[in-house]
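Report on the following structure.
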Amino acid sequence: MRSYSARLDRFLSVGLKIKRADVRLLLAQKRVKVDGLFATDISQCVGQFSHISVDGEVLQSDLPRYLMMNKPAGVVSATKDTKNKTVLDLLSPEDRAGLHISGRLDFNTTGLLLLTNDGQWSRQLSLPERNVAKVYTATLSQSLDQSYIEAFAAGMYFEYENITTRPVTLEICSDYIAKLHLVEGRYHQVKRMFGRFQNEVLALHRDAIGPLSMDLSLAPGQWRALTPDEVLSLS
């Protein structure tokens with residue numbers, strides 16, 4: 001879903017099916033309110049979350065929503081899928097209305113997933129210049145050593161896309177478990193990077209996005225709304 005902005009006269013013209021010239025009269029008669037205040041300027045900019053009413057009848061009252069979910073394995077990060085259950089299927093119809101996914105996770109990858117109806121907020125999270133780091137914990141089939149740290153930090157060339165990955169910080173937590181910090185999300189990037197060592201990723205879990213960490217009280221498939229401070233921390 002994309003956020004939008006529009007002139008008030010265009011919004012009312014489309015919503016009420018009247019001529020733009022007639023909108024000026026509505027404003028002069030103080031019949032239009034935007035966010036609780038009488039509108040006076042036909043060129044006022046309104047957006048997806050502006051509260052707009054005419055003669056007390058609400059035309060738009062959407063509120064921004066921001067959720068975190070502990071995504072379970074075996075669920076698709078998509079709004080619709082004809083074969084598999086999606087993350088939105090884990091919410092009730094009322095709770096999932098209007099939501100989209102910000103930063104998808106692979107089918108069997110678990111952990112922190114963000115859902116919102118605020119397209120502008122989710123788009124800015126993915127901007128390369130923001131360098132928002134994602135933190136993952138990977139469980140491997142073979143043991144790790146210093147050579148992994150060096151290779152991930154140097155970046156790896158992916159011939160198919162003709163790109164070299166940006167440096168990834170890898171911390172060895174135990175023989176078979178590593179924590180990774182990366183600021184991009186190429187297709188199956190973590191699995192492909194470990195694949196250079198012929199080391200299979202048995203499990204991959206996203207722990208954090210930027211300063212926001214997974215709420216450990218959420219069981220797989222559970223979700224909660226972000227707090228205002230959490231929303232701001234990613235804005």
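Descriptive notes on the structure:
- Normalised by the number of residues in the chain, the average gap of Cα pairs under 8 Å and 6 or more apart makes the relative contact order 20 percent.
- Taking N as its residue count, the alpha carbon Rg of segment 95-235 over 2.2 N^0.38 Å: 1.09
- Sparse packing (at most 10 other Cβ atoms within 10 Å of the Cβ) combined with a DSSP loop state is found for the following trypsin sites (Lys or Arg not before Pro) in segment 23-75: LYS30.
- Maximal additional length on extending the ASN131-PHE49 stretch stands at 26.8 nm, based on 0.36 nm per residue less the C-alpha distance.
- Across segment 203-215, rounded Karplus estimates of 3J(HN,Hα) from the backbone phi angles (6.51 cos²θ - 1.76 cosθ + 1.60, θ = phi - 60°) give 8, 9, 9, 8, 8, 7, 10, x, x, 8, 9, 4, 6 Hz, Gly and Pro being marked x.
- Efficiency of FRET between LYS85 and HIS188 - r from beta-carbon atoms, R0 22 angstrom, step 0.05: 0.60
- For the chain, the Stokes-Einstein estimate of translational diffusion at 4 °C and a viscosity of 1.567 mPa s comes to 63 µm²/s, using the Kirkwood hydrodynamic radius over alpha-carbon pairs.
- Three-way shape label, segment 38-153, alpha-carbon gyration tensor, a/c 1.5: oblate
- Under 5 Å between amide hydrogens, built in the peptide plane, is the criterion, and for LEU202 it picks out THR139, LEU140, SER141 among residues at least 5 positions away or on other chains.
- For the chain: accessible area per residue (Å², 1.4 Å): 55 Å²
- ³J(HN,Hα) computed for each position of segment 130-138 - Karplus, 6.51 cos²θ - 1.76 cosθ + 1.60, integer Hz, glycine/proline x: 7, 6, 6, 7, 10, 10, 10, 10, 10
- Fully extended contour minus Cα-Cα distance, from ALA78 to ARG196, at 0.36 nm per residue: 39.6 nm
- Under a 5 Å amide H cut-off, with hydrogens placed 1.01 Å from N, VAL76 pairs with LYS85, THR86, VAL87 among residues at least 5 apart or on other chains.
- Net charge of Cβ neighbours under 12 Å - reference GLN60; Lys, Arg +1; Asp, Glu -1: -2
- Residues in segment 172-187 reached by a label modelled at GLN146 [backbone nitrogen below 19 Å; 7 Å Cα→Cβ]: 172-179
- In the chain, lysine pairs with alpha-carbon atoms under 30 angstrom apart (chain gap of 8 or more, or interchain): 20
- Percent carbon-and-sulfur accessible area, the chain, ignoring ligands, DNA and RNA, probe 1.4 Å: 52 percent
The values are calculated or read from the model by the stated rules, or taken from the named source; none is laboratory data. None of these values were measured; they are calculated from a predicted model. Neighbour counts run over all protein chains shown; Cβ positions are idealised from the backbone, glycine included. The protein model used for the area step is the full one, side chains on, heavy atoms only, and it has no ligands, DNA or RNA in it. Shrake-Rupley method; radii C 1.70, N 1.55, O 1.52, S 1.80 Å.
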